[in-house]
Amino acid sequence: MILKPCSDKDAFNAIAKIEQSLTIKDSIKAGELIMKQGSKVDVVIEIIKIIEFYLKITGKELEIYQVRVLAGDLYDKFRTDTVEDLILFFKMIRTGDLGKLKYYDNFHDKIMSYVPQYFQYKSEQREKMIEAKKKQFKKKADQTQMSEEAYNKFTELQNRISNPIQRSAEIFSVKGILSSIDNYIEKLPETCKKLSDSDLKYEIQRTQFSNKTAYEILLQEQEHRKTTPKKKKKNE
């Protein structure tokens with residue numbers, strides 16, 4: 001947890017320090033998902049401190065129950081995002097970086113109306129990161145001569161993507177085996193078990209910024225393999 005149990009003053013100092021250098025890239029690349037940080041009650045306490053910090057800085061006041069309700073609603077909206085996202089979210093509202101929305105009498109409604117704006121901004125920044133990564137990879141690939149083994153793997157991958165996959169085929173292909181992303185996610189817990197360790201690692205890297213749900217499923221499979229002893233062959 002970013003904000004360990006502490007006084008309001010210590011928590012406010014911690015938030016002020018974090019937001020000085022915090023960027024959207026930090027929350028995307030390094031942040032831990034809120035739903036993985038423990039019980040909802042514990043995380044909501046952190047969110048309450050973030051809200052109270054915003055209120056303190058902006059000179060606003062809310063009843064305790066109003067803060068708790070807002071914290072609970074923000075937890076539900078950001079549960080697949082990070083606490084860093086929430087810190088950045090309130091900072092961007094305060095600085096006007098999320099734009100100016102229509103006037104709201106209700107503070108709760110005003111804050112919640114900014115949520116779609118923030119998610120849109122985060123999505124745009126994620127796409128920019130993906131494109132930058134692609135360009136970096138392409139540049140590196142252009143500068144490096146392909147070995148015969150790498151070329152064969154590349155050719156195989158191209159064939160998997162461009163050619164229809166027969167139902168009897170045993171080879172797993174993300175784009176070929178499922179045309180529906182929903183169907184892909186539903187079957188992924190089973191299909192990812194067929195991946196080799198190297199293919200699993202590749203899929204984790206590929207989905208890190210493009211599909212959070214798939215990324216989490218693949219990570220769980222990788223962790224499962226680390227903790228489960230491999231079966232020995234009969235001849236051994």
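The values are calculated or read from the model by the stated rules, or taken from the named source; none is laboratory data. All figures in this text were calculated on a predicted structure; none of them were measured in a lab. For neighbour counting, all protein chains shown are included, and Cβ atoms are generated from backbone atoms with ideal geometry for every residue, glycine included.
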Which condition number in (1) touching a strand residue (DSSP E or B) at 6+ places or on another chain (Cβ under 9 Å); (2) at pLDDT 95 or above is the one that V67 fails? (1)
Please enumerate the residues belonging to the range 35-59 that are aliphatic (A, V, I, L, M) and either at pLDDT 90 or above or touching a Gly at 6+ places or on another chain (Cβ under 9 Å) (or both). V41, V43, V44, I45, I47, I48, I50, I51, L55, I57
So which residues in the range 76-105 are modelled with pLDDT of 90 or more and over 22 Å from K40 (Cα atoms)? K91, M92, I93, R94, T95, G96, D97, L98
The correct count of residues that are without any contact (Cβ under 8 Å) to a residue 24 or more places away in the chain and in a helix (DSSP H, G or I) in the range 52-74 is 4
Could you figure out which of (1) more than 23 Å from the chain's Cα centre (by Cα); (2) closer than 16 Å to K110 by Cα isn't true of L74? (1)
Residue pairs qualifying under the 6 Å Cβ cut-off, at least six apart or on distinct chains, with the first in the range 98-110 being surrounded by 14 or more Cβ atoms within 10 Å (Cβ to Cβ) and the second being assigned to a loop (DSSP other than H, G, I, E, B) and not charged (D, E, K, R), are L98/Y114; K110/Y104
Could you tell me which numbered condition F172 fails, if it satisfies all but one of (1) among the aromatic types (F, W, Y); (2) farther than 26 Å from F209 by Cβ; (3) modelled with pLDDT under 70? (2)
